[in-house]
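The block underneath contains the structure these notes are about, expressed in structure tokens.
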Amino acid sequence: MQTFFRHPATPIWLLLMIATGLSWWLGVDAGREEDLNYHLISTTLIIIAFIKVRFVMRYFMEVRTAPLSLRLICDAWIVVVCSAIVWLF
Amino acid sequence: MNESGKAAEGRTTHERPVVASPSSSITLCTSDKSLPDECSAGEHVPGEVGIWVFVLGDMLVFGLFFTVFAYYRGLNIDLYLQSQTSLNQNYGALNTLLLLLSSWFVVMAVSDVRNSVNSNVLKKSSPANKDGLAQQNTSHPSKRAAMLLALAFLCGLGFGLVKIIEYTEKISAGITITSNEFFMYYYIFTGLHFLHVLIGMGVLVFLCLKVRAGISGESDLVLVESGATFWHMVDLLWIVLFPLLYLMK
């Protein structure tokens, strides 16, 4: 059991859970206040999501130890899709 | 104690013990400097190369879905915002947490299988083993890996149950795929994703049974890594779908 908590993916997983909680709060509770900048909140939500995606790719899918070409393809997907959503939004 | 024996004793699961390529033989890779130098390169593609072609293709398609959704949302933002209020954000968040938890179980299972394969290689290569002096492995990592994969499957099952409850509530309220443009995308995207979850759950069951029956070598490791890669992609797609459909204002 101890080896689970010493695994490098475990703190990343905790970070992902906290980030999900933060997104949830931003999207539900913070979104109820009328004087908030909704555009900023939504942009933040999307950026948090793609940061989470990068962590999943690098630490869960082990892309961080993959050849450069695969690392570049994954990062390109993140940058292109995230930019497209934020721009079109 | 010989060099291989020292490596086995000092190895922990958080190191990357194995570099496996789909077609090549296993290369040991630990922090132990006595082991082969090619480990310092440390690059490997987890699982079959074919699974990565499939995963990247799937991600490309979903990337286009996300972009199309963002484009049409911008054209009719009032309809999308009004429709979004019918969704239960708590279900979306709960499902995100379930998939993240399942992904963590899968990461730990892969780590266990890798260590099991590695310890088998070390045992075979150890001269002490030839004299019957090698330390017996008493932790049964393959059984633990099978249990972790079963837990990941249960998380997937939890995701499915929440999704069915959510769909039932929507349909009972008269909200279907034909209700409006937002719900058309909602049902198509979440439905396609749910299909991936179901396939992934089938893969997890297969891997669980395979690992429980015993890990024979590199081919089993590549199989587990391939299934894990697919399951993490399922998690990754939901991480984007959750804010896109449920949270964006």
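The values are calculated or read from the model by the stated rules, or taken from the named source; none is laboratory data. Because the structure is predicted, anything quoted here is derived from the model rather than measured. Note that we place each Cβ from the backbone using ideal geometry, even for glycine, and neighbour counts take in every protein chain shown. Remember, those area values only see protein heavy atoms, side chains included, never the ligands or the DNA or RNA. Shrake-Rupley method; radii C 1.70, N 1.55, O 1.52, S 1.80 Å.
Taking the chain by itself as reference, the range B:192-237 contains these residues with an accessible-area loss of 40 Å² or more in the full protein complex (1.4 Å probe, heavy atoms): B:His232, B:Leu236. With a 10 Å cut-off around each Cβ of A:59-69, the average count of Cβ atoms from other chains is 6.
Lysine pair count for the range B:47-247 with Cα-Cα distance under 24 Å and sequence separation of 8 or more or different chains is 5. Mean per-residue shielding of peptide B:66-74 is 4, counting Cβ atoms of other chains within 10 Å of each Cβ.
Based on protein heavy atoms only, the range A:2-88 ends up with 51 Å² per residue of surface accessible to a 1.4 Å probe. State the percentage of accessible surface on the range A:2-88 attributable to carbon and sulfur atoms; use a 1.4 Å probe and exclude ligands, DNA and RNA. Answer for the range A:2-88: carbon and sulfur cover 69 percent of the accessible area.
Across all directions, the average projected area of the convex hull around the alpha carbons of chain A is 7.0 nm². Note the buried accessible area between B and A here, summed over both chains, with a 1.4 Å probe, in Å² to the nearest 100. Separately minus together, B and A give about 4300 Å² buried.
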